[in-house]
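These notes concern the structure reproduced below.
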Amino acid sequence: MKALKNQSSRENWYDWKWQLKHAITSIEEVEKLLKTDFSKEFGEDFRDKLEKTVDIFPLSITPYYFSLIDQKDFINDPVFRQAFPDVRELDICTSDIEDPLGEDKDSPVEGLTHRYPDRVLFHVSNRCAMYCRHCTRKRKVGDTDYCPSLKDYESAIAYIEEHVEVRDVLLSGGDPFLLPDELIGSLLDRLANIKHVEVIRIGTRTPVVLPFRITEALVDILKKHKNLWINTHYNHPKELTKDSIRAIDKLVEAGIPMGNQSVLLSDINDCPQVMKALVRKLVANRIRPYYLYQCDLSEGLEHFRTSVGRGIEIMESLRGHTSGFAIPTYVIDAPGGGGKIPVMPNYLISWSTNKIILRNYEGVITTYTEPRAYGHRDCDLDCAACDLHMKTSLDDPYEATGIEQLLSDYTDVMTLTPEEIKA
Ligand SMILES: *Cc1c(COP(=O)(O)O)cnc(C)c1O
Ligand code: SF4
């Protein structure tokens, strides 16, 4: 990949705007850089299909990320596989859904998804530094029709201002860090001015695919916000390069807590050893593994999907085998807008009135004895009169929802009945 670097002066290489301007966007460029010819190697038909794939789902790889590809064995390289189209993306299978997470359905205003009671997802950008082939929002990223306008920002911010229950705002996209510094700064300032917003999160893949985006100027803007968290998206230990770690160091040294969300991907990271290496490397660099996602039912992702069993097997190989805080929560984002559902191995084997039976990671079966004196706990939501001394007042009347409602004593709800059988 020397050719790539030589094409830039050393300084340009570290300039994120240069990297974006010189993104690799055609099959031809890839062939040149990898010194290969896909029609010769795999036939004309295959190459045509590659072109077709790129027509539907654009190809864009930063020279930096491209330079991580192992040229000698690119076909099996985890970076190549995340970045380069696969003709199987054209296979739409019966279970595929265009908007698998029902984000449009839960969208009160353009660009905002409000699914959970106290937090919203705010799509502030439709661009990404690199178009991940496994992206859930494949149909939207890179789609110019979906570019959020200043007017969209205004209505989204107005919605957040009006909804006092929103205490956590997640900036997502596309990638928020593809916006200019000034815009990021003003969005953060606007949100900081909303009293009920306690936490702001940014989801970005730039530390992985364009680490030079993390400039001193950007960090200066970010570090003004003490309630800001950043989640990034590493899928493989080889992505934690020196340059990438340098970017993470800047963010961590500015006091920003870092998390990571990975996607479980067939033939890329669906291996207990790869995952263990990844989470260890993440925590060694002060990034806390947050979620491991089961791959969604988006169109053209079938070939990336693993069985859920593989995911549970990987979780089994982590818990107990490595530091607890290096273990992400494995989740399935329920199709149709059900939200994230954690799945994990079963550790609770059985229980009786007095004891519960557990098993540990080694297969040791053990017991925990319940306390004798723990009786009923009745709650009528009268926090002022409660012995527990809840010092912060609940501003709004509290309303339990979901399973919490079934467990509570202060509602009469005894069953949750699916719409389909309510009749
Ligand atoms: C993932 C997600 C969130 C955040 O969920 P957490 O579990 O709090 O990280 C919020 N809104 C939507 C629509 C999401 O998909
Ligand atoms: S960075 Fe995120 S939003 Fe962008 S293409 Fe990759 S997975 Fe999709």
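Brief remarks on what is shown
- Single match in K276, K281 (criterion: more than 16 Å from ligand 1 (Cβ to nearest atom) and closer than 21 Å to C132 by Cβ): K281
For every residue, the table says whether it meets (1) over 30 Å from E182 (Cβ atoms); (2) open to solvent by less than 30 Å² (accessible area, probe 1.4 Å).
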| site | (1), (2) |
| --- | --- |
| K226 | no, no |
| L265 | yes, yes |
| D270 | yes, no |
| K281 | yes, no |
| L297 | yes, no |
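- Odd one out for P289, checked against (1) touching a residue at least 40 places away in the same chain (Cβ under 8 Å); (2) closer than 26 Å to V331 by Cα: (1)
- In the range 347-363, the residues that are surrounded by fewer than 13 Cβ atoms within 10 Å (Cβ to Cβ), more than 28 Å from P117 (Cβ to Cβ) and free of Cβ contacts under 8 Å to residues at least 12 places away in the same chain: S350, S352, G363
- Members of the range 298-326 found to be outside any helix (DSSP H, G or I) and without any contact (Cβ under 8 Å) to a residue 12 or more places away in the chain, listed by number: S307
- The residue that is farthest from C271 (Cα to Cα), among those in the range 299-324 that are open to solvent by 20 Å² or more (accessible area, probe 1.4 Å) and modelled with pLDDT under 95, is E299.
- Residue list for the range 188-214, filter: open to solvent by 10 Å² or more (accessible area, probe 1.4 Å) and touching a Phe, Trp or Tyr at 6+ places or on another chain (Cβ under 7 Å): V199, R201, F212
- Residues (within 29 Å of L282 (Cα to Cα) and of a type in the set (A, V, I, L, M)) located in the range 193-207: V197, V199, I200, I202
- Being within 16 Å of ligand 2 (Cβ to nearest atom), open to solvent by less than 20 Å² (accessible area, probe 1.4 Å) and either more than 23 Å from L101 (Cα to Cα) or free of Cβ contacts under 8 Å to residues at least 24 places away in the same chain (or both) is a description that does not apply to L171.
- Residue match in the range 88-97 (condition: surrounded by 15 or more Cβ atoms within 10 Å (Cβ to Cβ), out of contact with any Gly (no Cβ under 9 Å at 6 or more places or on another chain) and not in a helix (DSSP H, G or I)): no
- Among the residues of the range 98-123, just one is within 7 Å of ligand 1 (Cβ to nearest atom), farther than 14 Å from V169 by Cβ and in contact with an Asp or Glu (Cβ under 9 Å, 6 or more places away or on another chain), namely L101.
The values are calculated or read from the model by the stated rules, or taken from the named source; none is laboratory data. Predicted, not measured: the structure shown is a model, and the values here were computed from it. Heads up, the Cβs are rebuilt from the backbone with ideal geometry, glycines too, and the neighbour counts pull from every protein chain shown. Heavy atoms of the whole protein, side chains included, go into the accessibility calculation; ligands, DNA and RNA do not. Shrake-Rupley method; radii C 1.70, N 1.55, O 1.52, S 1.80 Å.
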